[in-house]
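Only the coordinates and a few stated rules stand behind these numbers; no lab work does. Just so you know, these numbers come straight off a predicted model, no measurement behind them. Don't worry about glycine lacking a Cβ; one is built from the backbone with ideal geometry, like all the others, and counts go over all protein chains shown.
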């Protein structure tokens, strides 16, 4: 089922600003007294924030700040980023009836579309799509296909097969790490404070969107969709929870995601921690953080063969799932992150000993279906930025050009 996500969607324009527009976490924007008028519409913050850094625009969930930060963003870039994160396609979950996200095509965008979309209004997504994107932040940058069956086992407990769930890398590892810090700040000192659990590091984002008035058009002024999406522990995430409420009425008339959804997240997370006490050992903020019994630092597997990676990981109690053939050019979780014994590391392999610092020849992708082109590019160790649907009609760089493994190629497709 689709819904307008509100401020939980601010993650997407934030990623675009960090990776494509080189905005820094300490970049400052003046949010004024708490409102901005775009064409004939006035958009408000809960309070006036004055000057905020990029980081605090997210921490305080400032609509004004995000609109001002994205004022110079090309609408094509935002549209393509939304598509890249998978909001305009099904996640592929093995359940019937999944709805595809809804966003007007670029020729139909008005002057208000961009300001609305960057604060999570005027776009509809399903909750699983949004959860997958936050999962990419949690795991170091890879969009994963949600699965109902992670692995098949015999009654004796032997694993028969582990199913692949990686879709594509959608952000750099360092960008994901920075965003985890910012989302942790949201819970520690921002709009998500009611999700705090003493001694446990939590990352999250609040959202409060006005409900669409289907009868008269526009939005209700007194009906809201509230949400909170978070994961924990921040250092080595294991659980991600999304809470959403339709037109909630909390104590004293509270209706925001931070006020009504974050406390529900907290109760569920506390229940999980009660059932899974080993999670405290993965958390640097917890009292048991010094316990080394199950904590493992994920090693760097770059340029190793599958056999070598498997041997390294098995020797320290981790499992491995491979994607492709050749030598390792990427991995999830990222090197240096914390894992727990028995966890799985996904490794992407490319032929010809392609490391992330190696050069490869750009393959011929024009004429292929978008799915086949993405697979062929990723088999070459490249990240992919897509525009459109159908068959690829243009690629950048052109085929035959030299490009570094790990860099991004752009594909334009037409149905």
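Structure notes:
- Within segment 87-103: backbone nitrogen closer than 11 Å to the residue 148 label point (7 Å, Cα to C-beta): 93-97
- Each residue, residue 314 and residue 106, gets one label point 7 Å from its Cα in the Cβ direction; the gap between the two is 4.9 nm.
- Counting neighbouring Cβ atoms within 10 Å and putting the fewest first, the residues 261, 31 line up as 31, 261.
- Gyration tensor verdict on the chain (Cα atoms; rounded if a/c is under 1.5, prolate if a/b is larger than b/c, oblate otherwise): oblate
- Top of 240, 229, 368 by mean-square fluctuation, Gaussian network on the chain, Cα under 10 Å: 368
- Distance between the 7 Å Cα→Cβ label points at residue 174 and residue 219: 3.5 nm.
- GNM top mover of 320, 38, 332 - the chain, alpha-carbon springs below 10 Å: 38
- Per-residue Cβ neighbour rank within 10 angstrom, fewest leading, 169, 267: 267, 169
- Distance from the Cα centroid of segment 1-45 to that of segment 361-380 is 34 Å (rounded to whole angstrom).
- Residue of 399, 350, 380 that the Gaussian network model of the chain assigns the largest fluctuation, springs spanning Cα pairs under 10 Å: 399
- Helix-only [θ]222 nm of the chain, DSSP H runs n ≥ 4, -39500 (n - 2.57) each, per residue, nearest 500: -7500 deg cm²/dmol
- Cα gyration tensor shape of segment 295-350, rounded if a/c is under 1.5, else prolate or oblate by comparing a/b with b/c: prolate
- Here the residues 398, 137, ranked from fewest to most Cβ neighbours within 10 Å of their Cβ, fall in the order 398, 137.
- Set of segment 197-227 residues, backbone N closer than 16 Å to the point 7 Å along the Cα-Cβ line of residue 267: 197, 227
- Residue 246 paired with residue 156, simple spin-label distance in nm, labels 7 Å along Cα-to-beta-carbon: 5.0
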